[in-house]
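Structure first, then comments.
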Amino acid sequence: MELTYDGLRTDELQGTTQADYLIAFDAHLCLVESATTIFDEPGFPVVELARSLLLWLRDPARGDFEFDSMSYEERGVISIWKVAAGWAVGSVLAPGARTTPADWRVVDECCRRFIARVEADLGTLGLDPVEVLRR
């Protein structure tokens with residue numbers, strides 16, 4: 001399972017607050033499992049997703065994850081559910097399409113790879129990833 005993105009766009013950035021960075025940077029996001037695309041969305045707020053995932057991973061009382069984005073009316077554009085056989089990832093925008101259940105380790109690694117990539121891209125843009133994602 002892999003959360004990937006390409007085509008990071010920064011042209012919508014109008015300010016320098018954390019909220020500006022979270023919603024102004026978007027990219028083409030894909031959730032892929034074994035060469036099958038589960039979810040594909042252009043113009044996705046990847047920085048905001050990275051921050052939300054980071055907060056969720058830190059929460060010791062972690063339950064299901066439902067991305068609550070400033071850019072979407074729907075809650076759960078990316079969702080991670082605890083299911084009987086492990087954890088599944090999908091989107092409310094693609095009902096019925098989700099990854100096969102996986103161990104927590106697989107989901108955790110997927111999320112951390114995604115966050116690390118966003119952090120690296122923020123650094124390349126001359127921004128401090130700690131200031132943007134972790135405060």
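Some points to look at:
- Pairing each residue of the range 44-57 that is open to solvent by less than 10 Å² (accessible area, probe 1.4 Å) with any residue that is among the hydroxyl-bearing types (S, T, Y) and assigned to a helix (DSSP H, G or I), provided the two are 6+ apart or on different chains, yields C-beta distances under 6 Å for V47/Y21.
- Test for T10: is it out of contact with any Pro (no Cβ under 6 Å at 6 or more places or on another chain), at pLDDT below 95, within 29 Å of D128 (Cβ to Cβ) and surrounded by fewer than 18 Cβ atoms within 10 Å (Cβ to Cβ): yes
- Close Cβ contacts (under 8 Å, 6 or more residues apart or on different chains) running from residues in the range 1-27 that are small (G, A, S) to residues that are open to solvent by less than 30 Å² (accessible area, probe 1.4 Å) and in a strand (DSSP E or B) comprise G7/A27; A27/Y5; A27/F44.
- So G86, is it in contact with a Lys or Arg (Cβ under 6 Å, 6 or more places away or on another chain) and at pLDDT 95 or above: no
- When every residue of the range 47-69 is checked against the conditions, none turns out to be closer than 12 Å to M1 by Cα and among the small types (G, A, S).
The values are calculated or read from the model by the stated rules, or taken from the named source; none is laboratory data. Keep in mind that this is a model prediction, so the values were computed, not measured. We place every Cβ from the backbone using ideal geometry, glycine too, and count neighbours over all the protein chains shown. Surface areas here come from the heavy atoms of the whole protein model, side chains and all, with no ligands, DNA or RNA. Shrake-Rupley method; radii C 1.70, N 1.55, O 1.52, S 1.80 Å.
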